[in-house]
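The values are calculated or read from the model by the stated rules, or taken from the named source; none is laboratory data. Values in this document were obtained by computation on a predicted structure and should not be read as measured data.
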Amino acid sequence: MIPLRRTAFTACIAVTAIAATVAVSVARPDARTMTCHQTQALIEQNGAVVISTGQHTYERFVAYNGYCYHPEVRNITYISTRDTDECPVYHCERPIKLFDD
């Protein structure tokens, strides 16, 4: 009975390792490899996505204000994609406070 348990445990470990490897390899899309339209569609489909914008940089982009954490609001920014250096997308940022309450 013990060899069967050991075999099942080994198989479980192997499946977990493969799943973790696959998850890491598709963890973050890279805007530099997609067109502007593909990047915008990805954000729209998922609501909020963390996307690589450079070799060592990434940012979270959102489709709607509802994906921002309070008190942040959605604001337009421009990123480089495969086909343009100025692809308009939205990210969350704190609003500028003009007056004291």
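Somewhere in the range 63-77, is a residue at pLDDT 95 or above, aromatic (Phe, Trp, Tyr) and either part of a helix (DSSP H, G or I) or on the phi > 0 side of the Ramachandran plot (or both)? So far as the range 63-77 goes, yes, one or more of its residues are at pLDDT 95 or above, aromatic (Phe, Trp, Tyr) and either part of a helix (DSSP H, G or I) or on the phi > 0 side of the Ramachandran plot (or both). Looking at the structure I just gave you, is ILE43 modelled with pLDDT under 95 and of a type in the set (A, V, I, L, M)? Spelling it out, it is not the case that ILE43 is modelled with pLDDT under 95 and of a type in the set (A, V, I, L, M).
Looking across the range 43-62, the residues that are closer than 16 Å to ILE76 by Cα and assigned to a helix (DSSP H, G or I) come down to ILE43, GLU44.
Take the conditions assigned to a loop (DSSP other than H, G, I, E, B) and either within 16 Å of the chain's Cα centre (by Cα) or modelled with pLDDT under 95 (or both) and apply them to ALA27. Does it pass? Against the criterion (assigned to a loop (DSSP other than H, G, I, E, B) and either within 16 Å of the chain's Cα centre (by Cα) or modelled with pLDDT under 95 (or both)), ALA27 qualifies.
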